[in-house]
Every structure is written in structure tokens, then in C-alpha cells.
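The values are calculated or read from the model by the stated rules, or taken from the named source; none is laboratory data. Model, not experiment: these values are computed from the prediction. So basically every Cβ, Gly included, is an ideal-geometry build from the backbone, and we count neighbours across all protein chains shown.
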Amino acid sequence: MKTPLLSKLLAITAVVLGSFALSAHAQLTSTWSTAAAWTPANQPNYVAASGGILYTDDSIAAGRNTTALNTDATLTVGAITQSSGIYASSYLYVGGSIPAFTLSTTNVQSGASSISLNITAAVGSFSANSVTLSLGGTLASFTSMDTGTSLMGSEFYTYTWSWDVSQAGSYSSFNLNWTTPSAHTAYTQIQLTQSPQAVPEPSGVILLGLSGAGLLALRRRRWWA
């Protein structure tokens, strides 16, 4: 016959392990930020006058600043016409131009439930319809949050779009497209996140069964006490 301590340990252990089994695989995230992506020396392939590809922080950290890592997304930026102060080490400043952006990836999250894009920028103001996802999907949410910092008298905001792609079917790539909302916009961070669905693994089903058995044993022990 199980002791009260054994019953408690069985219940607690199974519940904890079961929760781990229910958790999904890690998110896929690609980031362009002030730490690396906006430094000219890190992006020799990007020429403001003609535009080009900007590689992620991870590619730069791996010494791949002229070609992307196989697991990376790429960010293609249109031409920026202003000849000075365009491409600083602290932000990507578009000057007097209104460039288009395309964020593309072939490194997709299998069975993704959502795709999210975060843009932190000042001066230009984004809306829910500013960004389009090539897969379609349903725009589940759009938010904007004041970061508390400013540039040229305008506040930096973090804008977040999230699309529900749980019904999108199978796909091997996708694009996100947007046009800078106004001249003199400055970007400090762009981040793509693919979130998987939480699907119980076979071990999770077994562990959840054990958790139920443990809890039942614990309840019976308390009832007979």
C-alpha cells in the first residue's frame, strides 16, 4: 500500500512532467537590432542608394555578414535617397525616402499557430493594415506601446502584429511586406517570431495519466484518513 508521502510525490512529479510534455518546441525568432544590424561595418552588402539585404543579429554574430545563415530570415530594404545620416549605428534612418521592406524566410516553424512581427520605430506611425503576410492568415491582434524614448521630438513605439496561421496548411516559405509610413522614420528593432502549437507528445499522455492516478490516490488517502 502506498504511503501518503509516496502518493504526494507521484502526483506532483507526474503533473510537472506532464506539463513539460504538453509544451511545444521552441519559438523561431529572427532579430535585427541596434546591437548589430544597424552598424554599417556589419552590413557591407547593403548600399543605401540602391538598397539590399540586411542580415540578422545571429548571422552577424556568426561572422556571416555577407551571406545569411541557413536558418535565418532576410530583410530586404529599398533604396534610401538621403545622402547623410542614413545608416547610423543606433538605428536605421530612412531620411527623406519612404522605402519598402520585405522580410522573407524559408526556415518555417512546422505546425505554427501564429506568426508575429515587432517593429520599434519613431516618427512614422504604423496601423493594423501596414503589414501584409503572404500566407494570408487572420490578423489576430495589433498593438502599439510607447517605449518612453524619443527621436526628433517623436516617441519610439513598438508595434506588434500577430497572425493566426493554424489553418494555413503546409507551407515552406512566407514573406512579410510593408512600406515605411512616412519620411524620416527611424527603426531600432525588427523581430519575427513563429510560435508553434502545443501538442501533447505520447509521453505526455502517459504522464498525464500518471498524474491523474496520483491525484486519485492522494484524494482516497485523505478521505480514509
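Only residues that are crowded, with 19+ Cβ neighbours inside 10 Å and either outside the structural domain of Gly52 (by TED's automatic domain parsing) or among the polar types (S, T, N, Q) (or both): list them for segment 116-131, please.
The answer is Thr120, and nothing else.
Determine whether Thr143 is at pLDDT below 95 and farther than 20 Å from Asp72 by Cβ.
It is false that Thr143 is at pLDDT below 95 and farther than 20 Å from Asp72 by Cβ.
Can you go through Ser113, Ser162, Ser150, Ser134 and tell me which one is more than 23 Å from Thr56 (Cβ to Cβ) and either at pLDDT 95 or above or in the same structural domain as Ser33 (by TED's automatic domain parsing) (or both)?
Of Ser113, Ser162, Ser150, Ser134, the one residue that is more than 23 Å from Thr56 (Cβ to Cβ) and either at pLDDT 95 or above or in the same structural domain as Ser33 (by TED's automatic domain parsing) (or both) is Ser150.
Can you tell me how many residues within segment 91-116 are of a type in the set (Val, Ile, Thr) and out of contact with any strand residue (DSSP E or B) (no Cβ under 8 Å at 6 or more places or on another chain)? If you could, list the steps in order and put the result at the bottom.
Narrowing segment 91-116 to residues of a type in the set (Val, Ile, Thr): 94, 98, 102, 105-106, 108, 115.
Remaining after also requiring out of contact with any strand residue (DSSP E or B) (no Cβ under 8 Å at 6 or more places or on another chain): 106.
Count: 1.
Within segment 147-177, work out how many residues are among the hydrophobic types (A, V, I, L, M, F, W, C), surrounded by fewer than 19 Cβ atoms within 10 Å (Cβ to Cβ) and touching a residue at least 60 places away in the same chain (Cβ under 8 Å).
So the count comes out to 1.
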